[in-house]
Structures are given as C-alpha cells and as structure tokens.
Amino acid sequence: MNKFLLSVHVVLAILAVGPIAVAASMFPRYAKQLAADADADAEGQAAGVAGVLHKICRGYALFGIGVPVFGFATAARLGVLGDVWLIVSIALTAVAAAVLAMAILPNQQRMLAVAGGTAEPGTPAVPASRLAMLTGVFNLLWTVVVILMIVRPGSTTGA
C-alpha cells in the first residue's frame with residue numbers, strides 16, 4: 001500500500017504541478033505581448049494563448065489538490081508526519097498553493113480582463129514582470145519541496 005500511495009503522490013505531482021509551472025511561466029510573455037500589441041494582434045493569437053495558459057493553470061490547480069492528499073496518506077503510513085523535513089515540505093507546499101491561488105491565478109485573470117476590455121473601469125493592469133516574479137517564487141518553492149522529498153534530512157535510507 002505504501003508503494004501505491006507514494007506512486008500516486010509522485011505521479012500527481014508530476015502531472016499536476018509540472019503543467020502549472022510551465023503554463024504559469026509562459027503566461028507573462030503572452031500577457032505582455034497582448035498588452036503591448038492589442039491593436040496589432042488582429043487574429044487574437046496572444047489573447048488565445050494567454051487564455052489557454054490561464055485555463056491550464058486553473059484546471060491543474062484543482063487536479064493538484066490530490067498531491068498533498070496522497071502525500072499526507074503516504075507520510076501517515078510511513079510514520080514520518082512528525083519529521084522536520086516533512087513539516088517544512090508541508091509548509092512550503094501551503095505557501096506555494098497560496099501564491100498560486102491568491103496571487104498568480106487572480107493576476108492572470110485580471111490581466112486577461114484588462115486586455116480584453118472586460119475589467120471594471122479603473123482596474124489597474126498588473127505588470128507582467130510582477131507575475132513572472134510570482135511564478136518564479138512558486139516554481140522555486142516546488143523545487144525546494146522536491147529536493148526535501150529526495151534528500152530527506154536525517155533519513156536512515158542513505159538517500
């Protein structure tokens with residue numbers, strides 16, 4: 001059962017977090033292009049790509065809820081819920097989820113609304129560079145979590 005839970009946890013992490021990391025990293029480029037070339041983008045290519053990237057981030061974020069669910073189940077079965085490396089990983093995962101849910105996704109939505117003319121009047125545009133920075137923080141947090149999951153400080157497995 002441990003191997004099954006760990007396998008599902010890892011596969012979900014790869015299939016959920018990976019697409020978010022890639023799509024969120026690509027989004028600022030197209031959002032910046034959309035804002036700069038709104039009139040020149042007659043075919044709506046930048047708008048279409050940015051919209052799809054936002055949908056990928058939003059959809060996979062929901063799918064990604066399974067990552068910590070199976071992570072907790074695995075940790076409980078392995079008896080490591082009190083280990084410091086796991087507690088730090090859980091905290092970093094929570095911060096990454098908060099950055100995604102409270103900063104990246106809303107700012108993507110706002111950028112699309114402002115560029116598409118559907119935003120409330122006076123809604124400030126979000127700089128693409130700020131969104132790129134937030135995405136970098138999100139990706140860095142997940143990188144640290146992966147490293148902690150592999151290295152597991154204090155592990156007796158020799159890994």
Probe 1.4 Å, protein heavy atoms only - accessible area per residue of the chain in square angstrom: 57 Å²
Rounded tilt (10° steps) of 105-116 against the dominant C-alpha axis of the chain: 10 degrees
Taking only C-alpha pairs under 8 Å that are 6+ residues apart, what is the relative contact order of region 1-76 in percent? 55 percent
Average Cα contact separation per residue, the chain, under 8 Å, 6 or more apart, as relative contact order %: 31 percent
Compute the helix-to-body angle for 45-63: its Cα long axis versus the longest principal axis of the chain, expressed 0 to 90° and rounded to tens. 30 degrees
Charge dipole of the chain about the Cα centre (unit charges at C-beta), most positive-ward option of V84, V95, A119: V84
Would you work out what percent of the accessible area of the chain, with all protein chains in place, is carbon or sulfur (probe 1.4 Å)? 69 percent
In the full protein assembly as shown, how much of M133 is accessible to a 1.4 Å probe, in Å² to the nearest 10? 100 Å²
Nearest 10 degrees, 0 to 90: what angle lies between the long axis of helix 66-78 and the longest principal axis of the chain (Cα atoms)? 10 degrees
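The values are calculated or read from the model by the stated rules, or taken from the named source; none is laboratory data. Bear in mind that the values here come from a model prediction, so they are computed numbers and not experimental data. Positions of Cβ are generated from backbone atoms using ideal geometry, with glycine treated the same way; all protein chains shown enter the neighbour counts. Remember, those area values only see protein heavy atoms, side chains included, never the ligands or the DNA or RNA. Shrake-Rupley method; radii C 1.70, N 1.55, O 1.52, S 1.80 Å.
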